[in-house]
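Novice: Structure below; questions to follow.
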Amino acid sequence: MLSMRDVVAGLLGAYRLACLDRGGLRYFDASPEGFWRSLYGAATIVALPHALLLSIRFAVDPDPPDPLLYAGVNAIAYVVAWTIFPLVMFYLSRLIDRRGQLLRYIVAYNWAAVLQNGVYLPVAIAEQIGLLPAEPAQFLLLLALLGVMAYSCVVAHLALEVPLFTAIGIVILDLMLGIFVQVWTDRLLQ
């Protein structure tokens, strides 16, 4: 069962990693139970602002798909997006000899995703509702994406104890999986 203590510890650990403090790792419960709590907790925290962004995109779409189809496909895509990377990392961790660090990494990755979405989603929502003009919004979204990727590299580097080059490769893999899920989602909605 997820507690407020789990959420606070996870977010504090993620914040400390964002400050380049390796000590942030001690806030994460790297047990199998901690993995499930981090996955459920992080996905639940991000769900509402993510749903808000999707609702806004649906509302401004000049030719929106069927609302039930849109909601169903995006709900499935949300679950896939949260689970595909940990599944791929389960197998990749064997190849890079980091099985012992995998749970710690995925727990850190999940809580870090809350901070990352806390940076990205407000800018995306502001752009969608017209609070930001298109060009500055696109620039801010690009900066947010670059910041998220740099932070993801730090999390992978510290939690997996891998060289920075390997961490960059892992982040690129994560980005490619995210693009795959988005393309798949868009195709199902056409």
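Read the figures in this text as sums done on the coordinates, not as results from a lab. These figures come from a predicted structure and were not determined experimentally. Quick reminder, even Gly has a Cβ in these numbers, built from the backbone with ideal geometry, and neighbours come from all protein chains shown.
Novice: Quick one: helix 164-189 against the long Cα principal axis of the chain, what's the angle to the nearest 10°, folded into 0 to 90?
Specialist: 30
Novice: While we're on this one: With a 10 Å radius around each residue's Cβ, average the other Cβ atoms per peptide and rank 102-109, 2-9, 151-158, highest first. Numbers along the way, then the final one.
Specialist: Working: 102-109: 24.2, 2-9: 13.4, 151-158: 21.8.
Peptide ranking by packing, descending: 102-109, 151-158, 2-9.
Novice: Can you give the angle from 0 to 90° between the axis of helix 4-18 and the longest principal axis of the chain, with both taken from C-alpha atoms, to the nearest 10?
Specialist: The two axes meet at around 90 degrees.
Novice: Compute the separation of the alpha-carbon centres of the range 30-46 and the range 110-154 and state it in Å as a whole number.
Specialist: Answer, in whole Å: 22.
Novice: If packing is taken as the average count of other Cβ atoms within 10 Å, what order do 122-128, 112-118 fall into, highest mean first? Numbers along the way, then the final one.
Specialist: Working: 122-128: 18.1, 112-118: 21.1.
Order by mean packing, descending: 112-118, 122-128.
Novice: Turning to a different aspect of this structure: Suppose every K and R has +1 on its Cβ and every D and E has -1 on its Cβ; what is the size of the dipole of the chain about the Cα centre, in Debye to the nearest 20?
Specialist: Working: 11 positive and 13 negative charges, 137 e Å.
My answer is approximately 660 debye.
Novice: OK, next. To the nearest 10 degrees, how steep is helix 134-160 against the longest Cα principal axis of the chain, on a 0 to 90 scale?
Specialist: So the inclination is approximately 20 degrees.
Novice: Can you sort Phe85, Phe28, Phe139 from fewest to most other Cβ atoms within 10 Å of each residue's own Cβ?
Specialist: Numbers: Phe85 22, Phe28 27, Phe139 12.
Sorted ascending by nearby Cβ count, the order is Phe139, Phe85, Phe28.
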